[in-house]
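A short reminder: the numbers here are calculations on the coordinates, not readings from a lab. Keep in mind the model is a prediction, meaning the values are calculated, not measured. Neighbour counts run over all protein chains shown; Cβ positions are idealised from the backbone, glycine included.
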């Protein structure tokens, strides 16, 4: 039996999902299944492998239509709780970026570079149902004469709100150290001097793009778990690139693929969209993202069986090299090592600090698994691969 090729289609797997017969496991569970049964039998018995990650994803935001006024207005400036949104779109449309910081933040006045609140926090407050103070201005035209509107809104009051994240789900990312003699405040967190700590940000074996390293099943139209609701991959993300250096099982050794994702903000949850204030850097948004990987054949099941010990990343100096755009690795470490709590760099044992939450990543993979098992979540067959 081991020599027979397994080939399934999206349609066949979706039919099994509709009938409640699909076998769904998480990206952690598939590892032991493949070890015990082999890839052919695992591919025969398993239909879908679910993944998950939850971490700050700075390249995130929302397209929001704030609703028209009487008389009509074409907004040129918009603020949500005093956080500016880009308004050069049309009429009352705007884009609120997750890293946009609030104007006149008292924390910033006391400590320049520090911010309490930003676009990511507004997005979380919106999905939590909180009231938001909205101000919008215009220079006025014959067809849009109104020059200013002020109102208090909730997410339900907004005609449309679409989470639109240009770069999420990074396929691998650096492990950050600081070789300088001063504390460095970065988007990878606070890095202690003289390599006292090392920060990393991915869920390893659960991370979506580690389970499909060549993006054979993830593309335009792939249905995903996004912010607590169903969303879609709509294009390759900004800074997307195809990895050159890979492990024997195809996993990139450096940052590589990224995803452009979208979904209906009105369906999402504050549990899975969490505003962040990162000391010395600014604001961001932690995003819950999960992607189901269809097991079409033995090749796909082998990819999903990758373990933390088989996934490696580069150690990069954020004290000097990174800000100077110097590409240099101070060592290569596995995610098994990173998750152990310490790594060895140049003969020194260094404490590791995760920016991503494994607890939440596992929960996302579990939620996605149960949703598929219940027939509530069908696979979206990609119409274009990146």
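Remarks
- Reported to the nearest whole Å, the Cα centre-to-centre distance from segment 31-68 to segment 334-366 is 19.
- For segment 257-386: rounded, prolate or oblate by the Cα gyration tensor [a/c cutoff 1.5]: prolate
- Estimated at 0.36 nm per residue, the fully extended path between residue 245 and residue 143 surpasses their Cα-Cα distance by 31.1 nm.
- Distance between the C-alpha centres of segment 205-256 and segment 88-150: 31 Å, rounded to the whole angstrom.
- Residue order for 144, 86, 335, 139, fewest other beta carbons within 10 angstrom first, comes to 139, 86, 144, 335.
- Only Cα pairs under 8 Å and 6+ residues apart enter the sum, and on that basis the relative contact order of segment 62-110 stands at 37 percent.
- Each residue, residue 5 and residue 153, gets one label point 7 Å from its Cα in the Cβ direction; the gap between the two is 5.4 nm.
- The modelled label-to-label distance for the pair residue 271/residue 194, using points 7 Å beyond Cα in the direction of Cβ, is 4.4 nm.
- For residue 349 and residue 279, the FRET efficiency from 1/(1 + (r/R0)^6), where r spans their Cβ atoms and R0 equals 25 Å, is about 0.50.
- For residue 264 and residue 116, the FRET efficiency from 1/(1 + (r/R0)^6), where r spans their Cβ atoms and R0 equals 22 Å, is about 0.20.
- Value of [θ]222 nm, deg cm²/dmol, for the chain, DSSP H segments ≥ 4, -39500 (n - 2.57) each, nearest 500: -5000 deg cm²/dmol
- Residue 130 versus residue 376: modelled label distance in nm, points set 7 Å from Cα along the beta carbon direction: 2.6
- In degrees, nearest ten, helix 358-373 long axis to first principal axis of the chain (Cα): 80
- Calculated FRET efficiency for the pair residue 359/residue 180, C-beta based, R₀ 25 Å, to 0.05: 0.20
- For the chain: rounded, prolate or oblate by the Cα gyration tensor [a/c cutoff 1.5]: oblate
- Listed peptides 263-273, 178-188 by packing density, highest first (mean Cβ within 10 Å): 263-273, 178-188
- Gain on full extension, evaluated as 0.36 nm per residue between residue 339 and residue 19 minus their Cα-Cα distance, stands at 111.4 nm.
- When peptides 11-22, 224-235, 311-322 are ranked by their average number of other Cβ atoms within 10 Å per residue, the highest-first order is 224-235, 311-322, 11-22.
- Segment 1-108 shape via C-alpha gyration tensor axes, a/c threshold 1.5: prolate
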